[in-house]
Amino acid sequence: MAMVRWLASKLANKASSGLLLLTVTAAYLIFLMNGTNEHEQGHLQLLETGKEPQVNQTAESNVKTITRAKQILEANLIECRNEREKLELCQRQHYTPVGLSVDEHNIVKHVREYMHSQRVFFEYVTAILRDTPYPGIENYTRYSVARLGLMPIDGVEPLVPEFGVVVNDVTSFRYPISIPPCQEGNRSVFIAIISAPGNFNKREMIRQTWLDHLQNVHEEGLLRVAGYGFIIGLTENNETQRAIEEESHLNGDIIQIGMSDFYRNLSLKVAGLLNWLNANCFKVEFVLKVDDDVYVNVRNLAHFLEAHHQSNQSIFGSGAGNLFPARWGQWNITVEEWPWSQYPAYFFGPAVLMPGNTILPLLAACQTTPMMPFDDVYITGMCTEKAGITVLKSFNSTSVLAMGLPGIPTACHVHHYIAWTTVSGNHMNNSHAATNDFYRNETQCILADESSGTNRTIDPTEFVHFDFH
């Protein structure tokens with residue numbers, strides 16, 4: 001890494017920014033390979049320990065392959081240095097010698113040659129890493145910085161310097177539409193509802209269902225609410241934007257982040273939310289992040305907060321069962337983007353509870369960790385690892401999140417869960433009606449008592465315990 005920083009400092013003021021990029025990227029790629037000899041957790045440790053890699057090559061041939069790739073990169077680095085020196089000499093002498101062009105065509109030629117070498121290099125690396133275990137956040141960062149050619153962002157200070165250099169600017173978002181900061185006297189919970197710009201009907205349905213319950217439990221003193229907001233990004237449709245502005249004027253509950261809003265940009269969107277929270281709700285005790293197709297039982301949310309309000313450096317959710325990257329379909333990721341055989345442990349994204357003291361560390365982790373398209377893996381699996389935050393998963397009969405409930409949830413579903421996903425407007429309305437019926441004692445949850453061998457009818461006012469491990 002020292003070599004990369006030295007080259008960057010030496011070339012920062014030179015005329016050819018293209019050669020700067022080529023030189024520093026090549027140097028970093030060489031560092032990536034050299035660095036594996038010094039770190040036992042590097043993603044090539046299989047070769048160092050002599051374990052057979054999961055590709056059709058022997059360990060010896062893999063070493064030769066890496067050596068060839070390294071030689072290609074070193075040759076390109078030398079070529080870039082020589083070209084830079086020639087350009088500097090020409091600029092000082094105000095002429096161009098025969099055979100040397102300083103026009104854009106020459107730069108493009110070198111870029112193409114280098115990109116071809118880089119492609120060959122990553123074909124080698126991907127073949128070696130494919131289907132090997134996830135190597136940890138530092139090796140992911142090293143690999144992705146090299147693959148994407150990421151450079152440290154000038155003029156942006158890291159929020160937590162020990163997390164590394166800044167590769168994502170997540171502290172300079174604009175918020176064209178916003179809401180007032182959290183009220184300091186009502187610090188208990190802020191609810192962030194992730195929504196798409198065009199999901200007007202979903203937002204209105206939430207206002208008429210469980211957000212109405214939220215106001216009731218707040219007035220009853222069961223739950224202190226610091227605020228809530230629908231989190232959206234930018235739209236390219238002027239008519240949609242005008243409708244959003246009218247919606248915000250009417251309801252005062254929209255936070256619009258200055259970033260493109262599409263599915264594979266959700267990691268950046270959550271980073272924008274964390275930045276807003278860090279600036280406006282830094283004293284909040286808890287944040288509940290939910291999607292706009294989720295129904296929230298706010299009374300169970302109040303029970304959770306009463307029991308866990310002093311939690312420190314932990315987040316809460318329902319653990320994802322499938323840790324294997326998909327290579328096709330909606331959640332596909334290429335082997336080059338993610339060559340490893342599994343993801344780190346993470347939560348299902350539709351509902352996650354985060355103590356306020358995790359906001360800054362998670363934002364700092366977003367600053368220093370190259371992004372990947374799936375926010376649940378990125379935020380709750382990778383950034384928590386970078387920030388040293390404990391991931392606590394629901395177990396036993398109660399849970400933060402349920403998925404796949406029937407069209408009309410039962411009284412016991414209402415009793416057991418803080419939140420559950422819905423598949424339609426009718427499902428959301430039915431969930432609201434089922435919740436009303438349970439707490440009005442119009443329906444009963446009857447559970448088997450294993451100790452006595454009899455059935456027990458649940459009192460809807462009794463405290464619900466949520467267990468985590």
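Just to be sure I understand the filter: pairs with C-beta atoms under 6 Å, separated by 6 or more residues or on different chains, first member in segment 437-461 and farther than 19 Å from Ile408 by Cα, second member surrounded by 10 or more Cβ atoms within 10 Å (Cβ to Cβ) and among the hydroxyl-bearing types (Ser, Thr, Tyr). Which pairs pass?
Nothing qualifies.
Could you tell me which of the residues Pro350, Pro370, Pro355, Pro339 is within 12 Å of the chain's Cα centre (by Cα) and not small (Gly, Ala, Ser)?
Within the list Pro350, Pro370, Pro355, Pro339, the selection yields Pro370.
Any idea which of Ser195, Ser188 is in contact (Cβ under 8 Å) with a residue 40 or more places away in the chain and under 19 Å from Ile255 (Cα atoms)?
Of the residues listed, the single one that is in contact (Cβ under 8 Å) with a residue 40 or more places away in the chain and under 19 Å from Ile255 (Cα atoms) is Ser195.
If we keep just the residues of segment 177-207 that are within 23 Å of the chain's Cα centre (by Cα) and closer than 23 Å to Thr358 by Cβ, which is surrounded by the most Cβ atoms within 10 Å (Cβ to Cβ)?
Val189
Of everything in segment 215-224, what is surrounded by fewer than 21 Cβ atoms within 10 Å (Cβ to Cβ) and either among the hydrophobic types (A, V, I, L, M, F, W, C) or assigned by TED's automatic domain parsing to the domain that holds His432 (or both)? Give them in sequence order.
The answer is Val217, Leu222.
Within segment 404-420, work out how many residues are over 24 Å from Ala307 (Cα atoms) and surrounded by fewer than 19 Cβ atoms within 10 Å (Cβ to Cβ).
5
Any residue that is within 24 Å of the chain's Cα centre (by Cα) and not small (Gly, Ala, Ser) - is there at least one of those in segment 239-251?
The answer is no; no qualifying residue exists.
Going by what's in this entry, would Gly321 be described as free of Cβ contacts under 8 Å to residues at least 24 places away in the same chain and not polar (S, T, N, Q)?
When the stated conditions are applied, Gly321 passes them.
The conditions are (1) over 18 Å from the mean Cα position of the chain (by Cα); (2) of a type outside the set (A, V, I, L, M, F, W, C); (3) part of a loop (DSSP other than H, G, I, E, B), and Asp169 fails exactly one of them. Which is it?
Unmet condition: (1).
Can you say whether Ile244 is closer than 19 Å to Gln183 by Cα and not in a loop (DSSP other than H, G, I, E, B), as far as the supplied structure shows?
no
Within segment 392-401, track down each residue that is touching a strand residue (DSSP E or B) at 6+ places or on another chain (Cβ under 8 Å) and surrounded by fewer than 21 Cβ atoms within 10 Å (Cβ to Cβ).
Matches in segment 392-401: Leu392, Lys393, Phe395, Asn396, Thr398.
For the subset of segment 295-332 comprising residues that are in contact with a Phe, Trp or Tyr (Cβ under 9 Å, 6 or more places away or on another chain) and part of a strand (DSSP E or B), which member is surrounded by the fewest Cβ atoms within 10 Å (Cβ to Cβ)?
Ser314
Just checking: which of the helices (runs of 4 or more DSSP H) contained wholly in segment 344-422 hold 3 or more residues that are touching an Asp or Glu at 6+ places or on another chain (Cβ under 6 Å) and assigned by TED's automatic domain parsing to the domain that holds His213?
Where helices (runs of 4 or more DSSP H) fall fully within segment 344-422, none carries at least 3 residues being touching an Asp or Glu at 6+ places or on another chain (Cβ under 6 Å) and assigned by TED's automatic domain parsing to the domain that holds His213.
Output the residues belonging to segment 187-230 that are among the basic types (Lys, Arg), at pLDDT 95 or above and in contact with a Ser or Thr (Cβ under 8 Å, 6 or more places away or on another chain). Working first, answer last.
So the first thing to find is which residues in segment 187-230 are among the basic types (Lys, Arg), and the list is 187, 202-203, 207, 224.
Subset that is at pLDDT 95 or above: 202-203, 207.
Selection gives Lys202, Arg203.
Which ones in segment 363-391 are crowded, with 20+ Cβ neighbours inside 10 Å, hydrophobic (A, V, I, L, M, F, W, C) and in contact (Cβ under 8 Å) with a residue 24 or more places away in the chain?
Result: Leu363, Ala364, Ala365, Cys366, Met371, Phe374, Val377, Ile379, Met382, Ala387, Ile389.
Quick grid of which residues meet (1) of a type outside the set (A, V, I, L, M); (2) farther than 30 Å from Asn312 by Cβ; (3) touching a Lys or Arg at 6+ places or on another chain (Cβ under 9 Å):
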site: Asn199; (1), (2), (3): yes, yes, no
site: Ile206; (1), (2), (3): no, yes, no
site: Gln215; (1), (2), (3): yes, no, no
site: Val225; (1), (2), (3): no, no, no
site: Gly229; (1), (2), (3): yes, no, no
site: Gly252; (1), (2), (3): yes, yes, no
site: Ile255; (1), (2), (3): no, no, no
site: Trp276; (1), (2), (3): yes, no, no
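Mind telling me which of the residues Val335, Val284 ends up being in a loop (DSSP other than H, G, I, E, B) and touching a Cys at 6+ places or on another chain (Cβ under 9 Å)?
So the residue among Val335, Val284 that is in a loop (DSSP other than H, G, I, E, B) and touching a Cys at 6+ places or on another chain (Cβ under 9 Å) is Val284.
Per-residue answers, yes or no, for (1) over 20 Å from Asp376 (Cα atoms); (2) outside the structural domain of Cys412 (by TED's automatic domain parsing); (3) modelled with pLDDT under 95:
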{"position": "Ile255", "(1), (2), (3)": "yes, yes, no"}
{"position": "Gly258", "(1), (2), (3)": "yes, yes, no"}
{"position": "Tyr263", "(1), (2), (3)": "no, yes, yes"}
{"position": "Leu266", "(1), (2), (3)": "no, yes, no"}
{"position": "Gly272", "(1), (2), (3)": "no, yes, no"}
{"position": "Asp292", "(1), (2), (3)": "no, yes, no"}
{"position": "Asn297", "(1), (2), (3)": "yes, yes, no"}
{"position": "His303", "(1), (2), (3)": "yes, yes, no"}
{"position": "His308", "(1), (2), (3)": "yes, yes, yes"}
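The values are calculated or read from the model by the stated rules, or taken from the named source; none is laboratory data. Just so we're clear, the structure is a prediction, and the values are computed from it rather than from any experiment. Virtual Cβ from ideal backbone geometry, glycine too; neighbours counted across all protein chains shown.
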